[in-house]
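Data first, discussion second: the structure below is written as structure tokens.
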Amino acid sequence: MTARHRLVPAVTAVLALSAGLLAGCGGDGDDDAGATTSSSTSSSAEETSAPATTGGGDTDGDGHTDAPPFPANTEPDTETPSTGALLSVTDLRIGHHDGFDRVVLEMDGAGTPGWDVQYVDSASSQGSGEAIDVEGSAILRIVLTGVGYPDDTGVEEYSGPRRVSVAETETVTELVFDGTFEGQTVAFVGTTAEVPFRVYLLEDPVRVVLEVTEED
């Protein structure tokens with residue numbers, strides 16, 4: 001066999017080995033890219049499925065030192081708006097406190113709002129009448145009056161997550177914001193049971209505060 005013939009197999013073997021090494025490196029790069037894509041997709045899915053929160057559980061500054069005592073029953077709580085009231089909800093918050101959970105609807109505009117808060121058998125959207133799924137064994141419906149659309153109030157309405165919840169609460173499961181329609185702003189609060197609640201007003205800024213007792 002000539003030297004030329006002996007050299008060809010050797011060169012072929014070297015080329016084959018180099019190609020194998022390059023293919024191995026390329027495979028590792030593809031695996032890393034695949035892992036990154038998978039991780040990113042999983043993270044997005046987790047963020048989408050996780051409970052939507054806003055304002056965290058920080059409602060410490062939303063209490064009233066002279067808040068009325070909790071009633072012994074679960075009857076509706078109502079209040080009329082001030083004359084010429086025209087407001088929009090600008091923020092929602094939920095938090096846990098000793099013995100009760102607190103839901104805060106912060107507002108801005110003219111005057112002070114009225115409200116009608118009571119337990120209802122089911123939740124449905126004002127405009128469409130479509131059923132709204134609210135987590136919990138009972139549902140409190142909040143109807144605010146003395147409100148208007150942003151074009152009327154001059155205040156941008158809350159545009160954050162429609163479902164708000166925090167892990168620390170004991171009785172409140174979530175708050176679902178339905179929005180404003182024909183002079184009413186509606187939200188639903190899911191609770192673990194029909195327990196006593198109280199509603200009162202705070203000002204500077206204007207806030208409607210709903211507090212729900214813990215189950216016995």
(request) Determine if segment 102-123 includes at least one residue that is modelled with pLDDT of 95 or more, over 20 Å from residue 78 (Cα atoms) and assigned to a loop (DSSP other than H, G, I, E, B). (result) no
(message) If I ask for residues that are under 15 Å from the mean Cα position of the chain (by Cα) and either surrounded by fewer than 22 Cβ atoms within 10 Å (Cβ to Cβ) or farther than 17 Å from residue 214 by Cβ (or both), which ones from segment 178-193 would you list?
(response) 178, 179, 187, 188, 190
(request) State which residue pairs qualify: first residue over 23 Å from residue 82 (Cα atoms) and inside segment 117-145, second residue open to solvent by 30 Å² or more (accessible area, probe 1.4 Å) and among the basic types (Lys, Arg) in any location, beta carbons under 6 Å apart, and separation of 6 or more residues or different chains. (result) 120/141
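In the list 202, 210, 175, which residue meets the criterion of being more than 24 Å from residue 136 (Cβ to Cβ), modelled with pLDDT of 95 or more, open to solvent by less than 20 Å² (accessible area, probe 1.4 Å) and not charged (D, E, K, R)? Walk me through it before giving the result.
Values: 210 fails: more than 24 Å from residue 136 (Cβ to Cβ); 175 fails: more than 24 Å from residue 136 (Cβ to Cβ).
Only one candidate qualifies: 202.
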(request) For residues that are modelled with pLDDT under 95, within 30 Å of residue 150 (Cβ to Cβ) and in a loop (DSSP other than H, G, I, E, B), tally how many sit in segment 32-90. (result) 12
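Regarding residue 137, is this residue surrounded by fewer than 16 Cβ atoms within 10 Å (Cβ to Cβ) and closer than 18 Å to residue 184 by Cα? Working first, answer last.
Numbers: surrounded by fewer than 16 Cβ atoms within 10 Å (Cβ to Cβ): yes; closer than 18 Å to residue 184 by Cα: no.
It is false that residue 137 is surrounded by fewer than 16 Cβ atoms within 10 Å (Cβ to Cβ) and closer than 18 Å to residue 184 by Cα.
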(request) Among the residues of segment 152-172, count how many are touching a residue at least 24 places away in the same chain (Cβ under 8 Å), open to solvent by 90 Å² or more (accessible area, probe 1.4 Å), in a loop (DSSP other than H, G, I, E, B) and closer than 19 Å to residue 90 by Cα. (result) 2
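Is it true that residue 176 is under 23 Å from residue 85 (Cβ atoms) and either assigned to a strand (DSSP E or B) or not β-branched (Val, Ile, Thr) (or both)?
So residue 176 does not fit the description; no.
The values are calculated or read from the model by the stated rules, or taken from the named source; none is laboratory data. Small disclaimer: the values here were computed from a predicted structure and weren't measured. Every residue, glycine as well, gets a Cβ built from its backbone with ideal geometry; the counts of neighbours run over all protein chains shown. Only protein heavy atoms, including side chains, enter the accessible area calculation; ligands, DNA and RNA are left aside. Shrake-Rupley method; radii C 1.70, N 1.55, O 1.52, S 1.80 Å.
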